[in-house]
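Working notes for the structure below.
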Amino acid sequence: MDWKSRIPGCFGKVDYKFAVHPIDENRAFDLLNMLRKESVSWEEFESEVRSFLIKGNCHEAHISDQIESVERHIRAWLR
């Protein structure tokens, strides 16, 4: 399974919130490890997360909030 296909597992299935539930948080941590091993950049990851949220019909305000949350948790660990 590639890292892009793991993005949905880091979000709530109904509310599309990033790593709020402990299971989603564990998946996000596992994904972070994969991203680091594959040297994925923040820009590439952020783009894929944004695409996932857009496909989920999320409103722009929600997308912005979730990108900020993802950034707080993930960005410092990526190149």
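Each reported figure results from applying straightforward, stated rules to the coordinates on display, with no laboratory input. These figures come from a predicted structure and were not determined experimentally. Heads up, the Cβs are rebuilt from the backbone with ideal geometry, glycines too, and the neighbour counts pull from every protein chain shown.
A few remarks follow.
- Candidate set from the stretch 41-59 (those that are under 17 Å from Gly12 (Cα atoms) and free of Cβ contacts under 8 Å to residues at least 24 places away in the same chain); member that is surrounded by the most Cβ atoms within 10 Å (Cβ to Cβ): Arg50
- Residue list for the stretch 42-65, restricted to those being touching a helix residue (DSSP H, G or I) at 6+ places or on another chain (Cβ under 6 Å) and either closer than 16 Å to Lys17 by Cβ or among the basic types (Lys, Arg) (or both): Val49, Phe52, Leu53, Ile63
- Filter result for Ser39 (of a type in the set (S, T, N, Q) and either assigned to a helix (DSSP H, G or I) or touching a helix residue (DSSP H, G or I) at 6+ places or on another chain (Cβ under 6 Å) (or both)): no
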